[in-house]
Amino acid sequence: MQKIALISTVRGPLNELKMFVNYHLNIGIDEIILFFDYPEEINLDYFTQYSQVTTIRCTPEYWAAIGNKRPELTPSRQIINVNKGIQIAREKNCNWITHIDRDELINPLSDLKKILAKCKADALKYKIMEAFSDREQYDTIFDTTYFKKNPNRRRIQVMKFLGCSSSLYNNEYFRSHKASKMAIKINDKLQKFGIHDPLEFDKSLVIKRTSQIRLLHYDCVGINEWKEKWNYRLDGTGSTRSLRTNRQEQLNAYADAKEKGEEELSKLFKKLHTIPKQDKVILYLLGMLGKVNLDRRLFDKAN
């Protein structure tokens, strides 16, 4: 029997966390283990109505109890939390875990449990798609249906040749991470997990890529979400060990635009997170754009 736990370190608006939880329970996730990075920001009591959801407040007492001072960097906290989550998942008799962020949705193209049951490998790496905006305001990040895909070097060269350079930023198509996430078996081969991949593991551990499960990354959908994410990095509450060059340049551009005011922020958001109409047809034909129309009932709490 396949039993899978989803582990995530989260912060953000309650309405989107509800959607995140409901969606994943409805697609077949058995247990959801949420580590609330800033528990004072949200009413966690809401989730007590879910028997399949475990909530952990990452308070000073939490960090002291596991023998750690609260790490300054967000990825360091995530790594500690995911490995604590794996312990909890074991106790709940799960044999798979997946570690994703609250702005990501797992999108299996058929029954999730059947896909995992057929897997001979120790882990399945999802096919990643990155959402983009076709307007400035959304009610929630999960309201867009447009996604970028296939950001490989050859396709980017063709994009440039066909005049779609305005859809690139410093020669990159995706704005956030190109590395996807995975479902991985809880077995003796896995000793320590990281953000995307195992950190400590037996050499015999096998990871395969799958096109049967997609990771939908809703990075910066709408200008408000975009501002919030970059403000977290500027104020240090969302700090990371290091940003790749393109992301650092996005942060620098955001900080500069913020100093100049709302009009400049709006211009930068449009440049970074929308795609010009003239580029869309070409990108669709190249297989670099697509639509994903999720059943909106998946975001509702199951009866």
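The values are calculated or read from the model by the stated rules, or taken from the named source; none is laboratory data. Quick caveat: nothing in here was measured; it's all calculated off a predicted structure. Note that we place each Cβ from the backbone using ideal geometry, even for glycine, and neighbour counts take in every protein chain shown. In case anyone asks, the SASA skips ligands and DNA or RNA and just uses the protein heavy atoms, side chains included. Shrake-Rupley method; radii C 1.70, N 1.55, O 1.52, S 1.80 Å.
Select from the range 234-278 the residues that are touching a residue at least 12 places away in the same chain (Cβ under 8 Å), of a type in the set (A, V, I, L, M, F, W, C) and more than 20 Å from Phe147 (Cα to Cα) and list them in ascending order.
The answer is Leu234, Leu251, Ala253, Ala255, Leu265.
Give me a count of the residues in the range 207-227 that are open to solvent by 60 Å² or more (accessible area, probe 1.4 Å) and not in a strand (DSSP E or B).
Going through the range 207-227 one residue at a time, the tally reaches 1.
Answer yes or no as to whether Asn187 is more than 23 Å from Phe269 (Cα to Cα), among the polar types (S, T, N, Q), touching a Lys or Arg at 6+ places or on another chain (Cβ under 9 Å) and open to solvent by 10 Å² or more (accessible area, probe 1.4 Å).
In short, no.
If I filter the range 213-226 for residues that are free of Cβ contacts under 8 Å to residues at least 60 places away in the same chain and farther than 24 Å from Gly290 by Cα, do I get at least one hit?
No, the range 213-226 contains no residue that is free of Cβ contacts under 8 Å to residues at least 60 places away in the same chain and farther than 24 Å from Gly290 by Cα.
Hey, Ser180 hits all of (1) at pLDDT 95 or above; (2) open to solvent by 20 Å² or more (accessible area, probe 1.4 Å) but one; which does it fall short on?
Checking Ser180 against (1) at pLDDT 95 or above; (2) open to solvent by 20 Å² or more (accessible area, probe 1.4 Å), the one that fails is (2).
Mind listing whichever residues of the range 21-72 are within 20 Å of the chain's Cα centre (by Cα), of a type in the set (Phe, Trp, Tyr) and open to solvent by 50 Å² or more (accessible area, probe 1.4 Å)?
none
Of all the residues that make up the range 83-131, how many are more than 18 Å from Glu31 (Cβ to Cβ), surrounded by fewer than 21 Cβ atoms within 10 Å (Cβ to Cβ) and within 15 Å of the chain's Cα centre (by Cα)?
So the answer is 3.
Would you confirm whether any residue within the range 22-41 is under 18 Å from Ile4 (Cα atoms) and without any contact (Cβ under 8 Å) to a residue 24 or more places away in the chain?
Looking for residues that are under 18 Å from Ile4 (Cα atoms) and without any contact (Cβ under 8 Å) to a residue 24 or more places away in the chain, one finds none in the range 22-41, hence no.
One line per residue, one yes/no per condition, for (1) at pLDDT below 95; (2) out of contact with any helix residue (DSSP H, G or I) (no Cβ under 7 Å at 6 or more places or on another chain):
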residue: Ser8; (1), (2): no, yes
residue: Ile32; (1), (2): no, no
residue: Ala64; (1), (2): yes, yes
residue: Ser76; (1), (2): yes, yes
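Tell me the residue from Asn187, Asn150 that is assigned to a loop (DSSP other than H, G, I, E, B), under 16 Å from Met288 (Cα atoms) and in contact (Cβ under 8 Å) with a residue 24 or more places away in the chain, please.
Asn150 is the lone residue from the list that is assigned to a loop (DSSP other than H, G, I, E, B), under 16 Å from Met288 (Cα atoms) and in contact (Cβ under 8 Å) with a residue 24 or more places away in the chain.
What tally of residues in the range 255-289 results from selecting those that are of a type outside the set (Gly, Ala, Ser), open to solvent by less than 60 Å² (accessible area, probe 1.4 Å) and within 18 Å of Gln137 (Cβ to Cβ)?
Matching residues across the range 255-289 total 7.
Filter the range 10-30 for residues that are part of a loop (DSSP other than H, G, I, E, B) and not hydrophobic (A, V, I, L, M, F, W, C); which is modelled with the lowest pLDDT?
Of everything passing the filter in the range 10-30, Gly12 is modelled with the lowest pLDDT.
Do you know which of the residues in the range 136-147 that are in a loop (DSSP other than H, G, I, E, B) and in contact with a strand residue (DSSP E or B) (Cβ under 9 Å, 6 or more places away or on another chain) is most open to solvent (accessible area, probe 1.4 Å)? Even if it seems obvious, please write down each step before you answer.
Let us first name the residues in the range 136-147 that are in a loop (DSSP other than H, G, I, E, B), namely 136-140, 144-145.
Next, only the ones that are in contact with a strand residue (DSSP E or B) (Cβ under 9 Å, 6 or more places away or on another chain) stay: 144-145.
Values: Thr144: 5, Thr145: 35 Å².
The residue in question is Thr145.
Across the range 73-98, what is the number of residues that are of a type in the set (A, V, I, L, M, F, W, C) and either without any contact (Cβ under 8 Å) to a residue 24 or more places away in the chain or more than 23 Å from Leu124 (Cβ to Cβ) (or both)?
Residues that pass the stated criteria total 2.
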